[in-house]
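The values are calculated or read from the model by the stated rules, or taken from the named source; none is laboratory data. It should be emphasised that the depicted structure is a prediction, and the values quoted were computed from it without experimental measurement. With ideal geometry, Cβ positions are generated from the backbone for all residues, glycine too; neighbour counts draw on all protein chains shown.
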Amino acid sequence: MTRDDSDIIAVRDLPPGRPEPTDESVSRTWYRVTSAQRPARTRTPSRILVPALAATLVAGLVVGGAVLFRPGGEPLGFGAPPSADKSSDPNLTPAPPETVAALNALAAAAAAGPPAARVAPGRYIFARHDGWAAGYEMSAGNGVQRRGGSGAAPGQAAVPSNGTLERQIREIWFDPQGMVAVSITDGKREMSADPAAGRAAFKDRGPSLFQPTPEWLATLPTDPDQLRAELREQIGEGGAWSTDHALWSTLQEVYFSADLVMTPELRAALLRSFTGLRGITSSEITVDGRRLVAVRHTERGGGNEILFDPATGSAVGRRSMSLDGSVTVSVPPGAPKLEPGVTYQATWTQKVVAGVGVR
Amino acid sequence: MTTPTSPVAIDPADLAGVFDRYARDLLRYCTRRVGEQVAEDVVAETFLVAYEQRDRYDASRGEVLPWLYGIATNLLRRHRRTEVRGLRLLARADGGPRAAEGPAQRATDRVDAERAVRRLSAVLARLPRRQRDVLMLYAVAELEYAEIASALGIPLGSVQSALHRARAKVRAALAEGDAR
């Protein structure tokens, strides 16, 4: 009596034509495992929600009494909520044909790119961010110059007009459940991180574009139109900046922590979905001798870029610039000469590690 | 078993590691019994139960996979109606939409195969629960007798007798078609 007997084979093959479990089925099952016993997700006003990561980085950017800002009043690296005033019209320009072509080419590369990394419980995503940022010494009191020259009133964002380029290294260990930054260093010493706040927010609200998990990302639609609609729905409307600007800022954060856990299908779908965003353009740039494709969202005289590797379609960095000539950046000896108006430029690497502090 | 287990020590507390190693096996087994959607729920719950009960896992009694199959089989009992309903639907099915007819022999073979599926499904739907569990663990999960006994918490002799009876009924149903 063996398993090759016809009766056993007949039982094994019933129902006929039943395929093997698919990767999607396995992913859905894992998502069910990890989402079990989690309270149902409630949608929150996304513009108000400050990602835990942004909060931790803002804290991390306080250096010796000085705060590093980028033009537009947003902390370097990650966007703070814009002011409540809607001071200018949103950029509603559709992506030009050359940008659509560039995004489709990136999507084709992404579809054949690396598979999603699996992050086992107890492991972390380690992101090392290496670049240059225009630093501004600013006090929280009077005398701070705002764009337009008036002093900053309490609660208003202070915007500098001159800065000096500084090397900026950030090492961040993310808990993949909510992409909560549990530790931040500047490459040498520990900086402020507040994982408890991030975890509390995640526990309260569950996974979302603001606090994604690998499992949640795996559930996103891979039809570009559906995906774009879902992303805009996550962002919501009614803030001071356009929906697509807010979405782009959020995606910069998502890519920074989560690119390596995206499936090739999702990476490709995201890139294709960007062809329908407003205010998007692209260009080829070279960073440290490496050719990259910069995809930019422009609004209010500023550009925010996500840098993609054309070979893999993966996001590998980001760049910000002032486009209206209102900011002057000094370049100290040893610093690279960035393009005019660039106030921030960095590339990153990501990998799954066994613990905090492991590189 | 589809997945070799003996060369690697698996710690039940390593939920992701256990999932990585065994999820497909369990999904295959459960999907064949209750369909993909319910199977995903059952398998997810299987891993959660296993994790919660990891302290009860006794490595000296066998590998992790039979233990997981045991949990899954217990959970599948909640879905007995779904399983039996699916089998009865198969037993009544007419084979679905016809593809373009090929040569006569091929069409005849296909009709015979459809009849065999209907008879087999009808038999499985009528099997007592334990016989069906044992048969499916043997045929689909490809567990050994001792592993089935461990998974279901029943004596080895009960496994052998249940399997013998279930197979006798399956063979009779299949032979009924051959005799026509």
Being in contact with a helix residue (DSSP H, G or I) (Cβ under 9 Å, 6 or more places away or on another chain), in a helix (DSSP H, G or I), closer than 20 Å to B:Arg33 by Cα and at pLDDT below 90 is true for just one of B:Arg81, B:Arg85. Which residue is that?
B:Arg85
When the residues of region B:139-180 are filtered to those that are outside any helix (DSSP H, G or I) and of a type in the set (D, E, K, R), which remaining residue is surrounded by the fewest Cβ atoms within 10 Å (Cβ to Cβ)?
B:Arg180
If you check A:Leu307, A:Leu323, which single one turns out to be modelled with pLDDT of 90 or more and of a type outside the set (Lys, Arg)?
A:Leu307
Is there a residue in region A:313-323 that is hydrophobic (A, V, I, L, M, F, W, C), in a loop (DSSP other than H, G, I, E, B) and in contact with a Gly (Cβ under 8 Å, 6 or more places away or on another chain)?
yes
Which condition number does B:Val170 fail, the rest of (1) closer than 14 Å to A:Leu14 by Cα; (2) more than 9 Å from chain A (Cβ to nearest Cβ); (3) in contact (Cβ under 8 Å) with a residue 40 or more places away in the chain being met?
(2)
Which of the residues belonging to region A:2-28 are closer than 22 Å to B:Arg132 by Cβ and either of a type in the set (Lys, Arg) or not in a loop (DSSP other than H, G, I, E, B) (or both)?
A:Arg3, A:Ser6, A:Asp7, A:Ile8, A:Ile9, A:Ala10, A:Val11, A:Arg12, A:Arg18
Mind checking which residues of region A:257-304 are basic (Lys, Arg), under 18 Å from A:Glu230 (Cβ atoms) and modelled with pLDDT under 95?
A:Arg278
Which number in (1) free of Cβ contacts under 8 Å to residues at least 24 places away in the same chain; (2) crowded, with 21+ Cβ neighbours inside 10 Å marks the one condition that A:Ala269 misses?
(1)
